[in-house]
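Here the structure is laid out as structure tokens; the discussion comes afterwards.
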Amino acid sequence: MLQAYGALEQAAAAEALDAKTRELIAIAVAITTRCESCISVHAAAAAKAGATDSEIAGALATAIALNAGAAYTYALRALEAVETQK
């Protein structure tokens with residue numbers, strides 16, 4: 001099972017989406033699924049991949065729009081994670 005999970009990274013890298021776009025999507029998904037460790041990991045990865053504050057805010061806004069109030073709280077955690085990378 002772990003081997004299959006590891007293969008997901010390779011499969012994602014082979015797709016048409018670049019790393020920054022994948023990480024922005026991952027932040028929004030992490031927020032909507034309320035996965036705190038995922039939020040930190042993907043926020044840091046998005047910043048490392050070159051996502052701007054504006055692009056990260058756009059991903060957070062999308063998560064909030066899709067998930068209402070709960071996403072707002074987790075979006076704040078993502079912003080905190082991005083700030084710690086600066």
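The values are calculated or read from the model by the stated rules, or taken from the named source; none is laboratory data. All values reported here derive from a predicted model rather than from experimental measurement. Because the Cβ atoms are built from the backbone with ideal geometry, glycine has one as well, and the counts that use them run over all protein chains shown.
Can you name every one of the helices (runs of 4 or more DSSP H) wholly within the chain that holds 3 or more residues which are surrounded by fewer than 18 Cβ atoms within 10 Å (Cβ to Cβ) and of a type in the set (Asp, Glu)? Before you say what the answer is, go through the steps one by one.
Values: elements: 2-13, 19-33, 36-48, 53-84.
By residue number, 53-84.
Among the residues in region 33-45, are any in contact with a Phe, Trp or Tyr (Cβ under 9 Å, 6 or more places away or on another chain) and hydrophobic (A, V, I, L, M, F, W, C)?
Yes: region 33-45 contains one or more residues that are in contact with a Phe, Trp or Tyr (Cβ under 9 Å, 6 or more places away or on another chain) and hydrophobic (A, V, I, L, M, F, W, C).
Taking interchain pairs and intrachain pairs at least six residues apart, which have beta carbon atoms under 7 angstrom, with the first residue in region 12-32 and of a type in the set (D, E, K, R) and the second modelled with pLDDT under 90?
If the second residue must be modelled with pLDDT under 90, the pairs left are 22/12.
Find the residue count for region 1-36, including only residues that are of a type in the set (Asp, Glu), over 22 Å from residue 77 (Cβ atoms) and modelled with pLDDT of 85 or more.
The total comes to 1.
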